[in-house]
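The values are calculated or read from the model by the stated rules, or taken from the named source; none is laboratory data. Just so we're clear, the structure is a prediction, and the values are computed from it rather than from any experiment. FYI the Cβ positions are ideal-geometry reconstructions off the backbone, even for glycines, and counts take in every protein chain you see.
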Amino acid sequence: MASGKWAFEKGLQDLGNGCYAYLQPDGSWGWSNAGLVVDGEESLLVDTLFDLHLTKEMLDKMRGAEPQAAKDIGTVVNTHHNGDHCFGNELVSSAEIIVSTKAAEAMAHEGPDLLANFMKAAPDLGDVGAYLTRIFGAFDFEGITPTLPNTTFDGTLTRKVGDKTVECIEVGPAHTEGDVIVFVPDDRVVYTGDVLFIKGHPIVWAGPVGNWIKICDRLIDMDVEAIVPGHGPIADKDDVREVKTYLEYISDEARQRYDAGLSSFEAASEISLDAFDSWTDSERIAVNVATLYREFSGADTAPDIVELFTQMAKLAR
């Protein structure tokens, strides 16, 4: 079982054949994973981390393991626009930085200053401020220079790393509008970004949830051995099936309560998550049900992020 083959410990995990995963337990808010693909003296980095200190620490470990190939990383793929997967881009700014078109649009509007300002205001925000401090207080969003992509794509994009073929595949919208997975077919490795949270509750910012379920099916059908999620331990296909089961379950439970006339927060508060009680961040059900309710109603309004964090703070408390 892949999830038991590699330890869930902080740092660089050698997957073999020049593929690496960089893991950050416990995989909760902001503690994301990244990847490195190497062949000869060329390298491709999958995602940077939430702040410059963490990204520098990661790059130092990668350069220690691959001093020639990782010295000057030639290509970076950001799997989506959330800061824990791209705020460290300035430390690899000389590389080709690749994202999907939709992710690039979001990155232009959701930079580190937004979170830095939220954290400055947190002491005056009561319970939601305390919640923000708990989940994001370990990260330093000050002094980060937003470093945007210089290559965008829709659908698929292929790059060579030495003799290796690396496929960037747009699979969103799901977690976000512009989700991308990175597949190394010869090495049977896939880096999924946040379409997989392993042993943690996924968070459905964009949806539709039905598309996310299809992504799980796609991953299950791929010829892969190592599945590196956006958060949590290295996974196998049984872990992907667990994520799919969760998404199907909350969809069914939310639909019943939508039809019964409950508000989304009433539904989120009522849905039993006992089957997933070992997973982190159960309060994300508030966001997930709100997204499902927008799907059920056909509404195309943007989510109220402040209200959703307020709801999550209530559930977490």
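Restricting the search to segment 79-92, which residues are within 23 Å of Phe183 (Cα to Cα), out of contact with any Pro (no Cβ under 7 Å at 6 or more places or on another chain) and not β-branched (Val, Ile, Thr)?
Taking segment 79-92 first, the residues within 23 Å of Phe183 (Cα to Cα) are 79-89, 92.
Checking the rest, the ones that are also out of contact with any Pro (no Cβ under 7 Å at 6 or more places or on another chain) come to 79-82, 84-86, 88-89, 92.
Hits for segment 79-92 are His80, His81, Asn82, Asp84, His85, Cys86, Gly88, Asn89.
For segment 150-169, which positions are under 17 Å from Ala104 (Cβ atoms) and assigned to a loop (DSSP other than H, G, I, E, B)?
Listed by number, the residues that qualify are Asn150, Asp154, Gly155.
To keep it simple, each residue is scored yes or no on (1) farther than 18 Å from Lys10 by Cβ; (2) at pLDDT below 95.
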| residue | (1), (2) |
| --- | --- |
| Arg63 | no, no |
| Glu66 | yes, no |
| Val76 | yes, no |
| Thr79 | yes, no |
| Ser100 | yes, no |
| Ala104 | yes, no |
| Ala108 | yes, yes |
| Arg134 | yes, no |
| Ala138 | no, no |
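For segment 270-287, check the following and say yes or no: at least one residue is surrounded by 16 or more Cβ atoms within 10 Å (Cβ to Cβ) and of a type in the set (Asp, Glu).
There is at least one residue in segment 270-287 that is surrounded by 16 or more Cβ atoms within 10 Å (Cβ to Cβ) and of a type in the set (Asp, Glu).
Tell me the helices (runs of 4 or more DSSP H) entirely within segment 240-316 that contain at least 2 residues that are closer than 23 Å to Ile135 by Cβ and out of contact with any helix residue (DSSP H, G or I) (no Cβ under 8 Å at 6 or more places or on another chain).
It comes to 305-316.
What is the residue count in segment 250-293 for residues that are more than 22 Å from Leu196 (Cα to Cα) and in contact (Cβ under 8 Å) with a residue 40 or more places away in the chain?
Final tally of qualifying residues: 3.
Looking only at segment 36-63, count every residue that is under 16 Å from Gly83 (Cα atoms), of a type outside the set (A, V, I, L, M, F, W, C) and crowded, with 21+ Cβ neighbours inside 10 Å and tell me the total. First the steps, then the outcome.
Residues of segment 36-63 under 16 Å from Gly83 (Cα atoms): 45-56, 58.
Next, only the ones that are of a type outside the set (A, V, I, L, M, F, W, C) stay: 47-48, 51, 53, 55-56.
Filter once more, so that each one left must be crowded, with 21+ Cβ neighbours inside 10 Å: 47-48, 51, 55.
Residues meeting the conditions: 4.
Specify the residue that is farthest from Phe141 (Cα to Cα); the eligible residues are those in segment 87-105 that are assigned to a helix (DSSP H, G or I) and charged (D, E, K, R).
Out of the qualifying residues, it is Lys102.
Of the residues that make up segment 101-112, is at least one of a type in the set (Gly, Ala, Ser), surrounded by fewer than 23 Cβ atoms within 10 Å (Cβ to Cβ) and closer than 18 Å to Val184 by Cα?
No, that holds for no residue.
Count, please, the residues in segment 121-147 that happen to be in a helix (DSSP H, G or I), surrounded by 16 or more Cβ atoms within 10 Å (Cβ to Cβ), in contact (Cβ under 8 Å) with a residue 40 or more places away in the chain and not hydrophobic (A, V, I, L, M, F, W, C).
Of the residues in that region, 1 qualify.
Is it the case that Asp14 is closer than 18 Å to Val228 by Cα, of a type in the set (Asp, Glu), more than 16 Å from the chain's Cα centre (by Cα) and at pLDDT 95 or above?
The answer is yes for Asp14.
If you go through segment 196-212 one residue at a time, do you hit one that is more than 13 Å from Trp279 (Cβ to Cβ), free of Cβ contacts under 8 Å to residues at least 24 places away in the same chain and surrounded by fewer than 18 Cβ atoms within 10 Å (Cβ to Cβ)?
Among the residues of segment 196-212, not one is more than 13 Å from Trp279 (Cβ to Cβ), free of Cβ contacts under 8 Å to residues at least 24 places away in the same chain and surrounded by fewer than 18 Cβ atoms within 10 Å (Cβ to Cβ), which makes the answer no.
Just to verify a result, which residue in segment 82-118, among those that are charged (D, E, K, R) and within 18 Å of Asn33 (Cα to Cα), is farthest from the chain's Cα centre (by Cα)?
Per the stated criteria, the residue is Glu90.
Output the residues belonging to segment 148-195 that are at positive phi and surrounded by fewer than 23 Cβ atoms within 10 Å (Cβ to Cβ).
Gly155, Gly162, Arg188
Within segment 175-191, how many residues are outside any loop (DSSP other than H, G, I, E, B) and closer than 21 Å to Thr291 by Cα?
Within segment 175-191, residues that are outside any loop (DSSP other than H, G, I, E, B) and closer than 21 Å to Thr291 by Cα number 1.
Among what's in segment 213-230 and is in a helix (DSSP H, G or I) and either of a type outside the set (A, V, I, L, M, F, W, C) or in contact with a Gly (Cβ under 9 Å, 6 or more places away or on another chain) (or both), pick the residue that is surrounded by the fewest Cβ atoms within 10 Å (Cβ to Cβ).
Step by step, filter segment 213-230, then rank; the result is Asp221.
What number of residues within segment 299-317 satisfy the criterion of being within 21 Å of the chain's Cα centre (by Cα) and within 21 Å of Glu177 (Cα to Cα)?
Qualifying residue count, segment 299-317: 7.
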